[in-house]
Amino acid sequence: MFENIKKEFPVFEKDPELVFLDTAASSLKPKIVIDEIMKCYSYEYANIHRGIYKLSSQLTTKYEENRKKIGKFINAESSENIIITKSATESINLVCSCFCQKYLKPGDEIIISHLEHHANIVPWQIASEKYGFKIIFVDINPSTGSLDLQDLKNKINENTKFISLTHMSNVTGSITDTETLNNYRKKYNIPLLLDGCQMVAHSPVDVKNLNCDFYVFSGHKLYGPSGIGVLYMKDKWFEKFEPYQGGGSMIDQVTTDKTTFAKGFQKFEAGTPPIVQLIGLGKSIDFVSSLNLVQIQKCEKELYNYAIEKLSKINKLNIIGHSKNKGGILSFTVQDIHPQDIALILDQKNIALRTGQHCAEPLHRKLKIDSTARASFGVYNSKNDVDKLHDGIINLINFFN
Ligand SMILES: *Cc1c(COP(=O)(O)O)cnc(C)c1O
């Protein structure tokens, strides 16, 4: 665990007893991110990319430095491969829309899985209605809650035109075995999108090593602001894709007859971007980097193992997903108690966790569970939090008996 880390998060000054176990939905914000946002709005703010005057040009420089920081953070070939969006959801919609419009027709297939967040299901369904391709769902292994790679292998064929999968499940915490996945898709050279929303805050990510075509994540699950998303895209797609949205900034020349588009990432960044959000995200990357993501992964794993050991001793508690390779996400149900009641009663003990379907309804259907309670860990959590969760659940069971 990280010594004194709660001091970095102002919310714990106000409420030192808060047990926050909902990082998978959105993480708390450290002071350095909040301060940076305050500073930027207070003293540095102007619109970027257009102004000649100092405020604008200085903030433009700072903005582009932060794009570089993101590129380095995920080991992209260059910062030119980084497109700034407003969320991971928008990043997926961008890729889906650009790819399907150009490449997909009836008879084609794309592959996603039962593990996906709605953000990686619904855009494909909308596009499928429009272009007539088929969406093939890869099965999961119900006991581990991880992708069934054999099923994936069986479902890949010459009609498969795209694969879009979560890098880490936001419900079962299972991490996708990208090495095996890459072996399977090699034969047909199928492009791959990885949804890294849950991964980036908890483990080092290297897109070159992952060899994916697209990688997406959001700022707000990485201790940064909401309203900003990232899309990493391999070089070759920049030329192939038509613009996703039209507007200012993404153009080269505009006349009443015709518009020519900017090149590179600019082509996909229409309108005023989330300026201060990117500056804030830069600080949150500094924050996790200073703690060291290898260390973060180690600490969260330790905490997860501690939680599993403690919670699995509770008879009526059923843990969802036992994959070997997983992050600090622990979903569970308690026999005879509705997850809604679990959250309500734990909230009275100042324990914040999420219940429901976590934007993954197909997964819950597959597991034949209405809803689950989910405890997810961040850098500010400690064994003490797990102890309180454990005691809270015991009290709850006694209460209902
Ligand atoms: C949160 C999440 C998303 C969507 O992110 P937004 O920030 O809501 O756009 C997509 N996939 C996974 C796995 C997530 O956890």
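The values are calculated or read from the model by the stated rules, or taken from the named source; none is laboratory data. Computed from a prediction, not measured in an experiment: that's the story for all the values here. Methodologically, a virtual Cβ is constructed for each residue, glycine included, from the backbone with ideal geometry; neighbour enumeration extends over all protein chains shown. What goes into the accessible areas is simple: the full protein's heavy atoms, side chains included, and nothing from ligands, DNA or RNA. Shrake-Rupley method; radii C 1.70, N 1.55, O 1.52, S 1.80 Å.
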Using only Cα atoms, locate the centre of the stretch 168-229 and the centre of the stretch 342-356, then give the distance between them in Å, rounded to an integer. 29 Å
Quick check: residue separation of Lys263 and Met38 times 0.36 nm, minus the Cα distance between them. What number comes out in nm? 77.7 nm
The chain - charge dipole about Cα centre, Lys and Arg +1 at Cβ, Asp and Glu -1, debye rounded to 20: 500 debye
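In whole percent, and with a 1.4 Å probe on the protein chains, what portion of the accessible area of the chain is carbon and sulfur?
Heavy-atom surface of the chain belonging to carbon and sulfur, 1.4 Å probe: 49 percent.
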With label points built 7 Å along Cα→Cβ from the Cα atoms of Ser26 and Asn157, find their separation and express it in nm. 4.4 nm
In whole Hz, the Karplus estimates of ³J(HN,Hα) for the stretch 241-257 (6.51, -1.76, 1.60; θ = phi - 60°; x where Gly or Pro) are 7, 6, x, 7, 9, x, x, x, 6, 9, 10, 9, 9, 10, 10, 5, 8
Quick check: Cα centre of the stretch 26-45 to Cα centre of the stretch 98-160, how many Å? 38 Å
Relative contact order of the stretch 72-144: what whole-number percent is it, with Cα pairs under 8 angstrom and at least 6 residues apart? 32 percent
Around Ser249, what is the net charge, scoring Lys/Arg as +1 and Asp/Glu as -1 over all other residues with Cβ under 10 Å from its Cβ? +1
For a 31 Å ceiling on Cα separation, which of these pairs sit above it: Lys7/Lys62; Lys68/Lys134; Lys72/Lys186; Lys310/Lys366; Lys267/Lys326? Lys68/Lys134; Lys267/Lys326
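Packing-wise, with mean Cβ within 10 Å as the measure, how do 314-322, 354-362, 19-27, 277-285 rank, highest first?
Details: 314-322: 17.1, 354-362: 19.1, 19-27: 22.0, 277-285: 25.0.
Put in order of decreasing packing, that is 277-285, 19-27, 354-362, 314-322.
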By how many nm would the segment from Asn401 to Asn350 lengthen if fully extended, with 0.36 nm per residue of separation less the alpha-carbon distance? 16.2 nm
Which aspartates and glutamates have a Cα less than 13 Å from the Cα of Lys54, not counting those fewer than 8 places away in the same chain? Glu44
Nearest 10 degrees, 0 to 90: helix 54-73 Cα axis against the chain principal axis: 60 degrees
Of all DSSP beta bridges in the chain, what percent run antiparallel (nearest 5)? 60 percent
Distant-in-sequence amide H partners of Val138 (H built 1.01 Å from N, under 5 Å): Ile112, Ser113, His114
Name the most mobile residue of Ser249, Ser42, Ser91, meaning the one with the largest mean-square fluctuation, in a Gaussian network model of the chain with Cα contacts below 10 Å. Ser42
Per residue, how much accessible area does the stretch 160-280 show when a 1.4 Å probe rolls over the protein heavy atoms, in square angstrom? 37 Å²
What is the spin-label model distance, in nm, from Asn211 to His338 if the labels are put 7 Å beyond Cα along the C-beta direction? 4.9 nm
Quick P(r) readout (the stretch 33-289; Cα-Cα; 5 Å bins; whole %) gives 1, 6, 13, 17, 18, 16, 12, 8, 5, 3, 1, 0
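Expressed in nm to one decimal, what extension gain is obtained for the pair Gln253 and Asn182 from 0.36 nm per residue of sequence separation less their Cα-Cα distance?
Result for the pair: 21.5 nm of gain on full extension.
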With the label point 7 Å along the Cα-to-beta-carbon line of Glu13 and a cut-off under 20 Å to each amide N, the hits in the stretch 28-64 are 28-43
Roughly how many debye, to the nearest 20, is the charge dipole of the stretch 116-224 about its Cα centre, given +1 on each Lys and Arg Cβ, -1 on each Asp and Glu Cβ, and no other charges? 260 debye
Straight-line reach from Lys130: which lysines have Cα under 21 Å away, leaving out those fewer than 8 places along the same chain? Lys102, Lys105, Lys161, Lys240
Please report the relative contact order for the chain, taking Cα pairs under 8 Å with a sequence separation of at least 6, and give it as a percent rounded to a whole number. 23 percent
